[in-house]
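Working notes for the structure below.
The values are calculated or read from the model by the stated rules, or taken from the named source; none is laboratory data. Fair warning: this is a prediction, and the values are worked out from it, not measured in the lab. Heads up, the Cβs are rebuilt from the backbone with ideal geometry, glycines too, and the neighbour counts pull from every protein chain shown. Calculation scope for accessible area: heavy atoms of the full protein, side chains included, ligands and nucleic acids excluded. Shrake-Rupley method; radii C 1.70, N 1.55, O 1.52, S 1.80 Å.
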Amino acid sequence: DPIHFLKQLDEMTGNECQLILSASTTFHIMKTAEGFGSDRRKKFFLRHLSFAEYLSAKSGVPTEHALRLEETGAVREFWQTHRAEIDPHLNDFLCWGGYPEIINETDVEQKYYKIGEIIHRYIEKDISSYLRVEHVEAYIRLMANLATEAGNLLNNQEMSKRLNLHKKTLAKYLDIIS
């Protein structure tokens with residue numbers, strides 16, 4: 001039981017232990033362990049890397065100049081000077097994003113696997129907690145079906161049968177997506 005573990009850890013360390021938890025885990029703790037940690041909670045966001053941070057990690061391009069560029073002319077000059085070095089990194093950044101766990105991965109199959117894991121973490125954990133999606137796998141299949149059927153009319157009854165979802169649940173999921 002993670003909540004019991006956290007309470008014991010809190011007691012053992014005399015409130016000196018600091019933990020970094022995901023939003024969904026924090027949400028679960030606050031919902032199930034009334035009053036536990038609510039007075040000491042701090043929010044901060046861990047975002048993916050910016051392109052300048054990505055360049056700094058992956059190349060020899062002098063990004064300290066890129067970070068201070070404010071004028072259009074300076075950006076153009078920087079781009080023209082370092083374009084050959086930047087282009088492959090820009091393409092990689094646009095394809096895979098600035099997720100730290102993917103940046104240093106060289107194996108493309110592992111990149112696909114890791115980006116899939118990131119997507120599943122968002123869907124299965126955070127979205128299901130916040131939006132109260134009960135059937136996560138059906139929700140994922142619904143999104144995949146909608147992506148392949150883009151531009152076509154949606155037959156709710158047929159989709160409900162295909163996903164083995166009650167029509168009210170399907171309507172709820174479609175409302176969430178829209």
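Examine the stretch 80-94 for a residue that is closer than 28 Å to ILE177 by Cα and among the hydrophobic types (A, V, I, L, M, F, W, C), and state whether such a residue exists. So far as the stretch 80-94 goes, yes, one or more of its residues are closer than 28 Å to ILE177 by Cα and among the hydrophobic types (A, V, I, L, M, F, W, C).
Based on this model, can you work out whether GLU109 counts as closer than 30 Å to ASN91 by Cβ and at pLDDT 90 or above? Yes, satisfied.
The rows are residues; the columns are (1) touching a helix residue (DSSP H, G or I) at 6+ places or on another chain (Cβ under 9 Å); (2) modelled with pLDDT of 75 or more; (3) of a type outside the set (Ser, Thr, Tyr); (4) open to solvent by 90 Å² or more (accessible area, probe 1.4 Å).
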| site | (1), (2), (3), (4) |
| --- | --- |
| THR13 | no, yes, no, no |
| SER22 | yes, no, no, no |
| ILE29 | yes, no, yes, no |
| PHE36 | yes, no, yes, no |
| PHE44 | no, no, yes, yes |
| PHE51 | yes, yes, yes, no |
| LEU69 | yes, no, yes, no |
| TRP79 | yes, yes, yes, no |
| ILE86 | yes, yes, yes, no |
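Applying the set (1) touching a helix residue (DSSP H, G or I) at 6+ places or on another chain (Cβ under 6 Å); (2) at pLDDT 85 or above to LEU131 leaves exactly one unmet item: (2).
For THR81, the stated conditions do not hold, so it cannot be described as in a loop (DSSP other than H, G, I, E, B), closer than 22 Å to ALA57 by Cβ, without any contact (Cβ under 8 Å) to a residue 12 or more places away in the chain and not small (Gly, Ala, Ser). List every residue pair whose Cβ atoms sit under 9 Å apart, with the two residues 6 or more apart in sequence or on different chains, where the first one lies in the stretch 135-148 and is in contact (Cβ under 8 Å) with a residue 24 or more places away in the chain and the second, anywhere, is loosely packed, with under 13 Cβ neighbours inside 10 Å and in a helix (DSSP H, G or I). Note: pairs meeting the criteria are TYR139/ILE177; LEU142/ILE177; MET143/ILE177; LEU146/ILE177. Among the residues of the stretch 91-126, those that are in contact (Cβ under 8 Å) with a residue 24 or more places away in the chain and either open to solvent by less than 50 Å² (accessible area, probe 1.4 Å) or not in a helix (DSSP H, G or I) (or both) comprise ASP92, PHE93, GLY97, GLY98, TYR99, ILE103, ASN104, ASP126. Taking ALA171 as meeting all but one of (1) among the small types (Gly, Ala, Ser); (2) within 27 Å of GLY97 (Cβ to Cβ); (3) open to solvent by 30 Å² or more (accessible area, probe 1.4 Å), write down the number of the exception. Unmet condition: (2). For the stretch 127-163, a residue qualifies if it is over 19 Å from SER178 (Cβ atoms) and exposed (fewer than 13 other Cβ atoms within 10 Å of the Cβ), and the qualifying residues are GLU137, LYS161.
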